[in-house]
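A.B. asks: Shown below is the structure under consideration.
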Amino acid sequence: MAQSRSSRRASDDLAVQTTNDDATSCKRYATQKGYWEDDFVKYFCRTSDRKSPEINRGYFARVRLYQLLVEKFLSLAGEESQVINFGAGYDTLYWTLSARSLRPKLLVEVDFEAVTARKCYYISSKEPLREVLVDPVIEKDSISSKHYKLLSGDLRDMATVGEKLLSSGVDTSLPTLFLTECVLVYMDPDKSREVIRWAGNNFSTALFLNYEPIFPDDSFGLTMQANLAHRGCSLLGINACPDLESQKQRFLGNGWQCTWALDMAEVYQQLPKNEIQRIERLEFLDEKELLIQLLQHYCASCGYTDKKRIGLDKVRLSKNS
Ligand SMILES: C[S@@+](CC[C@H](N)C(=O)[O-])C[C@H]1O[C@@H](n2cnc3c(N)ncnc32)[C@H](O)[C@@H]1O
């Protein structure tokens, strides 16, 4: 019985890890189509099947939001800052920032060991990825270098992950940006709250940016859940945080002083107009309604505490971002 429970958990974890391959494949395809530039994603995903224009535009909104807010954070916090990306998968942020000489003091990524082991392999075997690291020590499932660290860990055990982060050089006194991009929703709500609480309780000048699906109970939400369940993947956290208000309350109740949340349809509206006009010319979209529905079922939420008063209230989209 105990064995079957643990093997069920292993297969659930495997299904969750596979979502990283999907995200990377979607990002690779959208960059090939010209939605945004990323010279590094191709090293983590060689080929990619065709994706619909709705999916491409949804990924554009998600990726551009993160890029713009990371840049805003770094412009306020400067180089003496940190970025911690939980459930980073094959995220290319360290490389895209380095290419633009935008480098925080430390960027740390955490994911399951199976994912970090594959990321280590890609980084060590692709020169354009490896050459960006400063004094790297690349192990089987972890990397330590001057400005970039890749750590294996299970975010459901935040005590251990927290200790690992602190012993790898994370400094709780530095302005710190936490990122979770489509990660917390795969975790039991008690466990995702612990991730948010650990960050909120230990860092007093910090911002936590989260992206995930919402509205599980309408027909779109039920179909989204059924599609994932079909692949063995459950959105364990979606019912605890099903809308913008509960997303905000999760931050306020777990160590953060300020919060905001936007659905991705609002984000799409607030992205720079010239960029939206450009990407809307890339592919013909027959059914605008489907795109709006898709965007309304995902949100960006944020918690921040700004003890050093560096202006973290400005790390958000504005009408003329
Ligand atoms: C949908 S992917 C997103 C990857 C990346 N953040 C992105 O947006 O491209 C979800 C990621 O979260 C990771 N993840 C989910 N639960 C986790 C846990 N308990 N511990 C560590 N990583 C986890 C998965 O392995 C996967 O890489």
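A.B. asks: Rounded to the nearest Å, what's the spacing between the alpha carbon centres of the range 219-254 and the range 119-157? Just the number, please.
C.D. replies: For the range 219-254 versus the range 119-157, the Cα centre distance is 31 Å.
A.B. asks: Per-residue accessible area for residue 9 at 1.4 Å probe radius, Å² rounded to 10?
C.D. replies: 120 Å²
A.B. asks: Hey, what do the phi angles of the range 150-167 turn into as Karplus ³J(HN,Hα) couplings, whole Hz, using 6.51/-1.76/1.60 and θ = phi - 60°, x for Gly and Pro?
C.D. replies: Each residue's phi maps through the Karplus curve to give 10, 10, 8, x, 9, 5, 6, 10, 5, 4, 5, 4, x, 4, 4, 4, 5, 6 Hz.
A.B. asks: How much solvent-accessible surface does residue 245 expose, in Å² to the nearest 10, with a 1.4 Å probe and all protein chains in place?
C.D. replies: 100 Å²
A.B. asks: Stretch residue 124-residue 55 to full length: gain in nm at 0.36 nm per residue minus the Cα-Cα span? The partial results should precede the final answer.
C.D. replies: Details: separation 69, 0.36 × 69 = 24.84 nm, distance 3.09 nm.
Net length gain for the segment: 21.8 nm.
A.B. asks: With the other protein chains left in place, how much accessible area per residue, in square angstrom, belongs to the chain at a 1.4 angstrom probe? List each step's numbers first, then the result.
C.D. replies: Working: 14650 Å² over 321 residues.
Accessible area per residue: 46 Å².
A.B. asks: Considering only C-alpha atoms, what is the centroid distance from the range 83-117 to the range 1-80, in Å?
C.D. replies: What the calculation gives is 12 Å, centre to centre.
A.B. asks: Show me, for the range 176-181, the HN-Hα J-couplings you get by feeding each phi into the Karplus relation (A = 6.51, B = -1.76, C = 1.60, θ = phi - 60°), rounded to Hz, glycine and proline as x.
C.D. replies: Using θ = phi - 60°, the values come out as 9, 10, 9, 10, 9, 10 Hz.
A.B. asks: Over the range 2-314, one equal point on each Cα, no solvent: what is log10 I(q)/I(0) by the Debye formula at q = 0.14 Å⁻¹?
C.D. replies: -1.15
A.B. asks: Where a ≥ b ≥ c are the square roots of the eigenvalues of the C-alpha gyration tensor, would you call the range 1-95 rounded, which needs a/c under 1.5, or, failing that, prolate if a/b is larger than b/c, or oblate?
C.D. replies: Details: a/c = 2.52, a/b = 1.35, b/c = 1.86.
Oblate, because a/c is 1.5 or more while a/b does not exceed b/c.
A.B. asks: A further question follows. Restricting to the chain, what percent of DSSP beta bridges are antiparallel, rounded to 5? Walk me through the numbers before you get to the answer.
C.D. replies: On the way: 19 of 40 bridges.
Percentage antiparallel, nearest 5: 50.
A.B. asks: Between residue 174 and residues 5 or more places away or on another chain, which pairs have amide H atoms under 5 Å apart, with H built 1.01 Å from N, and which residues are they?
C.D. replies: Hits under the 5 Å cutoff: none.
A.B. asks: Still on this structure, I have one more. Compute, for the range 10-123, the length of the dipole vector about the Cα centre, with Cβ point charges of +1 (Lys, Arg) and -1 (Asp, Glu) only. Units Debye, rounded to 20.
C.D. replies: Numbers: 16 positive and 16 negative charges, 103 e Å.
For the range 10-123, the charge dipole is close to 500 debye.
A.B. asks: While we're here: Tell me the carbon and sulfur percent of the accessible area for the range 2-314, rounded to whole percent, probe radius 1.4 Å.
C.D. replies: Values: 6800 of 14000 Å².
The value for the range 2-314 is 49 percent carbon and sulfur by accessible area.
A.B. asks: What does the helix-only formula give at 222 nm for the chain: each DSSP H stretch with n ≥ 4 adding -39500 (n - 2.57), the total divided by the residues, and the result rounded to the nearest 500 deg cm²/dmol? Mind showing how you got there, number by number?
C.D. replies: On the way: 12 runs with 150 residues, N = 321.
Rounded to the nearest 500, the figure is -14500 deg cm²/dmol.
A.B. asks: What do you reckon, how do 223, 96, 205 stack up by accessible area (1.4 Å probe), largest on top? Show your work: numbers first, answer last.
C.D. replies: Values: 223 75, 96 35, 205 5 Å².
Final ranking, largest accessible area leading: 223, 96, 205.
A.B. asks: If you count only protein heavy atoms and use a 1.4 Å probe, how large is the accessible surface of residue 31, to the nearest 10 Å²?
C.D. replies: 20 Å²
A.B. asks: Here's a follow-up. Pick from 284, 86, 73: which is most flexible by mean-square fluctuation in a GNM of the chain where alpha carbon atoms under 10 Å apart are linked?
C.D. replies: So, out of 284, 86, 73, the one fluctuating most is 284.
The values are calculated or read from the model by the stated rules, or taken from the named source; none is laboratory data. These numbers were taken from a predicted model, which means no experiment stands behind them. Heads up, the Cβs are rebuilt from the backbone with ideal geometry, glycines too, and the neighbour counts pull from every protein chain shown. Ligands, DNA and RNA are stripped out before the accessible areas are found, and what is left, the full protein with its side chains, is counted by its heavy atoms. Shrake-Rupley method; radii C 1.70, N 1.55, O 1.52, S 1.80 Å.
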